[in-house]
Every structure is written in C-alpha cells, then in structure tokens.
1. Counting only residues that are assigned to a loop (DSSP other than H, G, I, E, B) and in contact with a helix residue (DSSP H, G or I) (Cβ under 6 Å, 6 or more places away or on another chain), how many does the stretch 221-233 have?
2. With respect to the numbered conditions (1) crowded, with 16+ Cβ neighbours inside 10 Å; (2) in contact (Cβ under 8 Å) with a residue 60 or more places away in the chain; (3) within 22 Å of residue 375 (Cβ to Cβ), which one is the sole condition not fulfilled by residue 293?
3. How many residues are under 28 Å from residue 365 (Cα atoms) and in contact with a helix residue (DSSP H, G or I) (Cβ under 8 Å, 6 or more places away or on another chain) if we restrict to the stretch 301-320?
4. Somewhere in the stretch 232-243, is a residue touching a strand residue (DSSP E or B) at 6+ places or on another chain (Cβ under 8 Å), closer than 19 Å to residue 118 by Cβ and touching a residue at least 40 places away in the same chain (Cβ under 8 Å)?
5. Looking only at the stretch 207-224, decide whether some residue is buried (at least 17 other Cβ atoms within 10 Å of the Cβ), more than 25 Å from residue 329 (Cβ to Cβ) and in the same structural domain as residue 288 (by TED's automatic domain parsing).
C-alpha cells in the first residue's frame, strides 16, 4: 500500500489513531499517514455497493466521515507545524575560515542539513578571504543552496593560511554564483543583522570579522547570541592534557579579547576539551563514503583534494571535525557537559577563569560522544 510521507520536521511527539483500515502517527521528526486516502476510497465503494443493509451502509458512512475529518485535521496539523518550524528555525550568520582545515567544509554541510537552523549569511574570515568566498560559493552552488548570501571578510596575512582546496575550485569565480555575493562582507553582514530580528552568530575561525562587527554594530550585537569553536580550558588536541593557546584565539588575540567584551545576549563555546577529538571512523565513515547525496559527495571531493595537501590526514577516517560541534550547539546541548565559566583571554591567547571574566557557557566534555557521532552522520546523510 502506498504511504504518504511528508518530509517536514515537526516537534518530537506521537499521536496515533486508527479507524477502519487507516491510522496516522507523528514520530521521529516525520509525518507518516498510511492508508487514510485508500481507506476513504474503500469506504465510499462499500457505501455504493448494492445489497448492503441500511445499517451497514450507515456504519460505513460514519467511518467515511471520520476518515475525512481525520484528513482535514491532519492537513491543518501539517500546515500548522510547518509554520511553527519555520518560525522556530534559528537565523544563522556563519563566520568561517573555510578552505584551510577541512572541518569548516564539514560544518557547512552539517549546517545546511539541520532543519532547526536557517543559514542566512556566510562570511569568510582571515587569510585570503576572496579565495574562501569563492569556495563557499561553489559549495553552496554545488549542493543547491545558492539562496544563501556570501560576504568577503577582512583579509589578513596569507602566509600561514594555505589555500588547500584551490584545486577543487578550478576556475570558479564569484561571478559564477547565482546568489548574492558582497565584496564588503562586514557591511553586508551588518545589514543582514539589522533586518534579522533574532540572529545567532556561529564563528568557526579567528575572530577578526566578528570583532569588526562588534565595533561597528554594538547595538545589533546586543540582540545576538554567539557560538564559537574557540579556545582550550584544560585539554588540547586529541584529548591531550594541558591548556594551549588555540588556533582560533591565537589567529587574532586582540579580536578575541574585543569579542569577549562585547554586549552579546549570550556566549557559548566548544573549546578543544569537547571538540578536539571528533572523528568519523569505522562503519560510520564507510557509510559516509557510500552515500551519493549532494552534501556527502561534495565533502568527499573536497576531502580528497585537501588530503593531498596534508600528509598527516588519515586515509580511512575523517580528520578531526572540530567545527561541527559549534553547529550542534546552535540547536542542542544535551549530549554535552555544559558549565558556565567566567573567562578572560590573556595577551598570549590563553583562556583564564577569573572573577572578572565574561560568563561563557562552555562545553567541557561529552555525556554521550557516541550518540553525537551517530547524530552527526545521520544529519550529513539526510
């Protein structure tokens, strides 16, 4: 029998109902309506049959009326929940140094496959920001999301930021992007924040652009939330004990200090303590390799190019996917151990807990890391 499946996410709840041969349920973020239309047709054919007693026809008519009522309610529920989800999706400005470490590419793919989030603007950060904008544009174009505007951020010293995905870009230029491209990304990002009532800024690179937004638009920043892959509290890479001056802080220490002093509604970070050892391997990685959907395919193509520029990258698993945890924090926290810490950033780029520090929601560890890896894979394959 044919089932009607609406791929529209709704809140997690379950309603079940059955009448005659039909039932419907809301579960697992999908709406499934088996046999209702077929049931109505069968009931109508039953009513139309000759030789049935009036009592049996009356029963069939009642069942038919109930099924039509069910379909009407379901239609309203679909429309209502679609409107609710549209309203509840978080508006995201992604600030990214995509094109050096490959985890930004994975993070962008994850963002695009999260129904709780609405990517509203992508801003490229540090180094050769024009190259990064070209890369973001081509990825968005390839996977069918050219509705997302892209802004070229503030360029900085290119010497330490290799363009490791240049070969995948080929001759693709900003003018090839069907969507909006803004050469002054800071100006355009500020305008986007101005017309966006509630916004979350996700920063997954050094904070040069975000510091500029804070300086130009403190009034707009005051109504925004910041989520960042940033810093180190007690651990470094791959769960190594000891605090380090982490790359995204070290890349612009004055910028990071300024961002921490800005009047955000809230600041949440995933330091290396929680994101420094996130790897898809084994069966999970094989499932990722086997998928031919647009996002996994695009990531694989870029990973293949990137690996040629990074001899230390493993061939049979992903690299460390630091930035994906920042995307996760934009819609959930329950798999993480969260604490509010008062944090300052010193002049060497270390995070210090001090009484005068800024309150920061900090993901210090995992409650269930395996569940996160499962969720990450399922979102990427969706």
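1. 4
2. For residue 293, the exception is condition (1).
3. Qualifying residue count, the stretch 301-320: 8.
4. no
5. no
The values are calculated or read from the model by the stated rules, or taken from the named source; none is laboratory data. This structure is a prediction, so every number in the text was calculated from the model and none was measured. We place every Cβ from the backbone using ideal geometry, glycine too, and count neighbours over all the protein chains shown.
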